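The values are calculated or read from the model by the stated rules, or taken from the named source; none is laboratory data. Because the structure is a prediction, the values reported are computed rather than measured. For neighbour counting, all protein chains shown are included, and Cβ atoms are generated from backbone atoms with ideal geometry for every residue, glycine included. Note: areas computed on protein heavy atoms with side chains; ligands, DNA, RNA excluded. Shrake-Rupley method; radii C 1.70, N 1.55, O 1.52, S 1.80 Å.
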Amino acid sequence: MIRKSPKMKPWILGLTGGIGSGKSAAAQHFSDLGVHVVDADQAARWVVEPGRLALRKIAEHFGKEILLTDGRLDRAALRQRVFQDENERRWLEKLLHPLIRQEIVANLEQASSPYAILVSPLLVETDQHRLVQRILVVDVPEALQLQRTMQRDQADRKQIEAIIKAQASREERLRHADDVLNNDRSEEWLKHEVERLHAFYLTLRGGQVS
């Protein structure tokens, strides 16, 4: 009797970078190449959908004014509250991080590509880095982060600076990096770099050079 060899479990690449670095664009290029991508920001949205425990606790803590008229979370209002008060931000993180992690793990387990990607702006700040075997940092200068985010979100400069400050520093992310994608050029350059990295990642076993 011929036994089929067990299917190899995909290894996990952590993709991170500061706000405005281009994580989502890079992740989309990987997805277009057939890689299973899990976005921690998307998981964070799932856990606060109407009817979920996290949304009820947030409303109890911050008050019903944190909700939109249809009962959904007012993300802009919540962001403003937590980035004005360090203690409030820590309270929110303590509530959400374990729930987000559960969502991420469940989604990663559905991967069938040779490797899967966890996209997270807080990969190195939380225990999410323990879920991955290799880390890719999308890196840009802080001035470019500010410029891109202000153009994208039409947000206040001080609020964006507060978000950057709350995230790991550029130097801290780079210390954790196995690979760095410098995203300070064109979209075509970014696509080319993703294709180059993808070809390399397909040669790895467990995220490591064999």
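Side notes on the structure shown:
- In degrees, nearest ten, helix 86-108 long axis to first principal axis of the chain (Cα): 30
- By the equivalent-ellipsoid construction on the alpha carbon gyration tensor, the chain comes out with semi-axes of 31, 23, 14 Å, ordered largest to smallest.
- Both numbers refer to the Cα atoms of segment 63-176; Rg and Dmax are 16.1, 45 Å.
- When you filter the trypsin sites (Lys or Arg not before Pro) in segment 125-190 for DSSP loop state and at most 11 other Cβ atoms inside 10 Å of their Cβ, you are left with Arg185.
- The lysine pair tally for the chain, using Cα distances under 25 Å and a gap of 8 or more places or different chains, is 9.
- Relative to the longest principal axis of the Cα atoms of the chain, the long axis of helix 23-32 makes an angle of roughly 40 degrees.
- Overall shape: oblate for segment 143-187, with the ratio a/c of the largest to smallest alpha carbon gyration tensor axis at 1.5 or above and b/c at least equal to a/b.
- Other-chain or far-sequence residues with amide H under 5 Å of Val119's (modelled H): Leu15, Val38, Asp39, Ala40
- Cut-off under 5 Å, modelled amide H: who pairs with Ile135 long-range: Gly14, Asp178, Asp179
- Note on the chain: helix-only mean residue ellipticity at 222 nm, from DSSP H runs of 4+ residues weighted -39500 (n - 2.57) and normalised by residue number, equals -15000 deg cm²/dmol.
- The portion of the accessible surface of the chain made up by carbon and sulfur, rounded to a whole percent, is 49 (1.4 Å probe; DNA, RNA and ligands excluded).
- Ordering of 66-75, 41-50 by burial proxy (mean other Cβ atoms within 10 Å per residue, highest first): 41-50, 66-75
- Relative to the longest principal axis of the Cα atoms of the chain, the long axis of helix 53-62 lies at roughly 30 degrees.
- Between amide H atoms placed 1.01 Å from N, distances below 5 Å from Leu33 occur with no residue 5 or more places distant or on a separate chain.
- Dividing the radius of gyration of the alpha carbons in segment 53-111 by their Kirkwood radius gives 1.04 for Rg/Rh.
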